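Undergrad: Sharing a structure with you now.
The values are calculated or read from the model by the stated rules, or taken from the named source; none is laboratory data. Just so it is clear, the structure is predicted and the values come from calculations on it, not from any experiment. Neighbour counts run over all protein chains shown; Cβ positions are idealised from the backbone, glycine included. Accessible surface areas use protein heavy atoms only, side chains included; no ligands, DNA or RNA. Shrake-Rupley method; radii C 1.70, N 1.55, O 1.52, S 1.80 Å.
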Amino acid sequence: MVFTLMLVLVLAACSGGDGETSSESGGEGSGDSGGDSSAKQEITVTAKSEIPSMDPSLITDSVGFQWAGETLEGLYRLDENSNLTEGMAKEGTVSDDGLTWTFKLRDAQWSNGDPVTANDFVYSWRRAVDPDVGSEYGPYFLGGIIKNASAISNGEKDIEELGVKAVDDKTLEVQLEKPVPYFKSMTVFVTFMPLNQSYVEEQGEKFATEADYTLSNGPFKMTSWNHGEGWTVEKNEDYWDAEAVQLEKINAKVIKEVSTGVNLYESGELDQTELNAEFVDQYKTHEAFNIAEKPYLYFFKFNQEANEALANVDARKAISYAIDRQSLVDVILNDGSVPAEGYVPSNFVSMPNSEKDFREAQGPLVESNEEKAKEHWSKALEALGTDSVTIELMGDDTGTSKNVMAYYKDQLESKLDGLTIEVVEVPFKERVRRDSASEFEMEAATWGPDYVDPNTYLNMYLTDGQNNNMNYSNPEYDALIEKANGEYAQDPEKRFETFLEAERLLLEEDAAVAPIYQDAKAQLFRPSIKGVFTTATGPEFEFKWAHVEE
C-alpha cells in the first residue's frame with residue numbers, strides 16, 4: 001500500500017442538520033488494512049512544543065488538540081475522508097425545528113473501568129462555560145450555540161440551566177439557542193469531549209497536569225509526561241474500538257530545531273520530523289518525503305489598543321501590502337505552503353449546492369504591492385504626525401519561525417520608511433498566553449478550523465468576542481455575522497453570500513488582520529508506517545488506524 005498523508009479537500013460544509021446517523025466506523029474501514037504482526041508497533045514523532053495542558057476545557061493550542069484528540073473521544077471522530085464517523089455516539093437525530101439534538105451513546109468505558117455516560121458530557125460542557133473554570137474556548141464554542149451558554153459564562157444563570165441533559169445513562173439531549181447547520185461537526189472538537197466527573201473532582205488542581213492525573217476514553221492513554229522534553233501514549237485496551245488500534249505506543253519528543261529533528265530521523269531515533277527550506281531540496285526525492293496541505297492560516301494580528309499606529313487603517317494596509325508572500329513561501333518556507341488570498345483558506349469548504357470553492361467564489365482580497373504599501377504608509381505617518389514608528393512583533397521561538405520573523409522584519413523595514421520592527425520570540429505556550437491576554441502589539445498568529453464551516457474563521461472578530469484579543473470592533477461586521485448565523489441559518493446560499501460580504505469588510509475595508517500564507521507541512525515520515533492521515537479539523541495527525549509494517 002502506498003502511504004498517504006494528506007489533507008482531504010472538503011467539498012461541502014458539514015450540515016449536521018439532517019438528522020442522519022453517522023457514517024460507518026472508520027475502525028472498520030481503515031483498521032482492517034492489516035499491519036505486519038512481526039513489526040514492533042511503536043513509533044516516535046516530533047512535537048513543536050510542550051503541551052500547555054491536557055484539560056479539554058482549557059486547551060487552546062494545536063499540540064494539546066493533537067494529544068487530547070488521541071486520548072479522548074467525543075460524540076464523533078473524523079475518518080480519513082473528513083467525514084463524521086462513530087465515536088461515543090452511535091447515532092444523532094435532530095428535531096424538525098433544528099433546536100433539539102438527541103444522541104444515543106454506545107457502551108464504552110474509561111481507562112479506569114468507569115462507564116462513559118451521558119452525564120460525562122453534561123458535566124464537561126457545563127464545566128466549559130463555568131466562569132470559575134476560566135475556559136477560553138468553552139464560552140466561545142458553546143456561547144450562542146447551546147441554550148443559555150452565554151448567560152452562564154457571563155454569570156447571569158446557573159450552570160444547571162445549560163441546554164444539555166442526560167435523559168438516561170445512554171441518551172444525551174441538547175437544546176440549541178438557534179438552528180446551527182454545523183453543530184454536529186462541532187462535537188468533534190476537544191471542548192465537547194466528555195469528562196469523568198468523579199475523577200476530575202478527585203484530582204482537583206492536579207487534573208491533566210501529569211500523565212498520572214489523566215484519564216482516557218480514546219484510542220490511547222498517556223503513560224508518561226516529561227515536561228519540556230516529551231511524552232508517551234499507549235494503546236488503551238479499554239477503548240470501545242480497541243481492535244482497530246494497532247499501535248502499542250507513540251512517543252512524542254519536543255523538537256524545536258529542524259536540523260535536530262533531521263539528525264534524529266537519520267539516526268533512527270525519530271520516525272517523523274518536519275522539514276524547512278534548508279532541507280526540502282535535499283530530501284524531496286526521498287521515499288519518506290511528503291507534503292501535507294492544511295487549512296491553517298498564518299496571519300498578522302493587529303492589537304489596535306496596544307500601539308497607536310496599529311489603530312490606523314492605512315498603517316495596517318501598508319503592512320499587509322508590504323509582505324512579498326510568494327517569495328516567503330518559495331524561498332523562506334519552501335514546504336508547499338501557498339500565499340494567502342483571504343481569511344477563509346482555499347480547499348476548505350465549497351459554496352452550497354456547488355463545487356466552487358469559497359476562496360474561488362470570493363477571489364483574492366489581499367496582495368503584495370510595494371507601491372500601495374508606500375502610499376498607505378505615507379498617509380498613516382501624516383495622520384499620526386510623525387516620521388517614525390516602532391512596532392513590536394511577537395512570534396514563536398522555533399527555528400522555522402525565527403527565519404520567518406527575520407523575513408517579516410526585513411520586508412517591513414526595507415519598504416516602509418521610518419518603521420522599526422522589534423521582534424519578540426517567545427515559547428509557544430507563552431505566545432498563547434500573551435495572545436489570550438492581549439499582551440502584544442502585532443503578532444505572527446495561526447488559526448486552524450475547529451469545524452468545517454466559514455464561521456470557524458469569520459466569527460473570531462465579533463466585538464468583544466472570545467478570540468478577538470486585538471480590540472477590533474465594527475458593528476456592521478457584527479451584524480453580518482449575526483445575520484449569517486441567525487436569519488440565514490437555514491438558508492445556506494444566503495448564509496454563504498453574507499460570509500463573503502463579511503470577509504470583504506474585514507480585509508478590504510478594515511484590514512483588521514493581514515493573511516500571509518496558508519500552511520503545508522513538508523516532512524519525513526517513515527515509509528513503514530501506514531494508515532496515518534490528517535483531516536480538516538481535529539488532531540494534526542490521526543493515529544487511531546495507524547500501524548507499522550516491516
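Undergrad: In segment 450-468, what count of residues is obtained for those that are open to solvent by less than 10 Å² (accessible area, probe 1.4 Å) and either outside any helix (DSSP H, G or I) or more than 29 Å from GLN66 (Cα to Cα) (or both)?
TA: Within segment 450-468, residues that are open to solvent by less than 10 Å² (accessible area, probe 1.4 Å) and either outside any helix (DSSP H, G or I) or more than 29 Å from GLN66 (Cα to Cα) (or both) number 6.
Undergrad: While we're looking at this one, here's another question. Within segment 242-253, how many residues turn out to be under 25 Å from the mean Cα position of the chain (by Cα) and open to solvent by 10 Å² or more (accessible area, probe 1.4 Å)?
TA: 3
Undergrad: In addition: Here is a list: GLY230, GLY204, GLY218. Which entry is over 25 Å from the mean Cα position of the chain (by Cα) and of a type in the set (Gly, Ala, Ser)?
TA: It is GLY204.
Undergrad: Within segment 409-423, identify whether any single residue is among the hydroxyl-bearing types (Ser, Thr, Tyr) and open to solvent by less than 20 Å² (accessible area, probe 1.4 Å), and answer yes or no.
TA: No, there is no match, as no residue in segment 409-423 is among the hydroxyl-bearing types (Ser, Thr, Tyr) and open to solvent by less than 20 Å² (accessible area, probe 1.4 Å).
Undergrad: Can you tell me which of ASP357, ASP335 is free of Cβ contacts under 8 Å to residues at least 60 places away in the same chain and either of a type outside the set (S, T, N, Q) or under 21 Å from SER82 (Cα atoms) (or both)?
TA: ASP357
Undergrad: Against the definition (open to solvent by 60 Å² or more (accessible area, probe 1.4 Å), under 24 Å from the mean Cα position of the chain (by Cα) and within 25 Å of LEU215 (Cα to Cα)), how does PRO115 come out, yes or no?
TA: no
Undergrad: Moving on to the next point. Do you know which of the residues in segment 526-547 that are among the aromatic types (Phe, Trp, Tyr) and at pLDDT 95 or above is farthest from GLY336 (Cα to Cα)?
TA: For segment 526-547, the residue satisfying everything is TRP545.
Undergrad: Right, next: Tell me yes or no: at least one residue of segment 38-51 is modelled with pLDDT under 95, within 30 Å of ILE145 (Cα to Cα) and either buried (at least 19 other Cβ atoms within 10 Å of the Cβ) or not acidic (Asp, Glu) (or both).
TA: For segment 38-51, residues modelled with pLDDT under 95, within 30 Å of ILE145 (Cα to Cα) and either buried (at least 19 other Cβ atoms within 10 Å of the Cβ) or not acidic (Asp, Glu) (or both): present.
Undergrad: Of everything in segment 329-377, what is part of a helix (DSSP H, G or I), more than 17 Å from ILE291 (Cα to Cα) and aliphatic (A, V, I, L, M)? Give them in sequence order.
TA: ALA361, ALA373, listed by residue number.
Undergrad: Given the structure, is LYS157 over 30 Å from ASP491 (Cα atoms), of a type in the set (D, E, K, R) and in a loop (DSSP other than H, G, I, E, B)?
TA: So LYS157 fits the description; yes.
Undergrad: Look through segment 376-391, keep the residues that are open to solvent by 90 Å² or more (accessible area, probe 1.4 Å) and touching a residue at least 12 places away in the same chain (Cβ under 8 Å), and return whichever of them is nearest to SER327 (Cα to Cα).
TA: Here the answer is LYS379.
Undergrad: Among the residues in segment 58-76, are any at pLDDT 95 or above, hydrophobic (A, V, I, L, M, F, W, C) and in contact with a strand residue (DSSP E or B) (Cβ under 6 Å, 6 or more places away or on another chain)?
TA: yes
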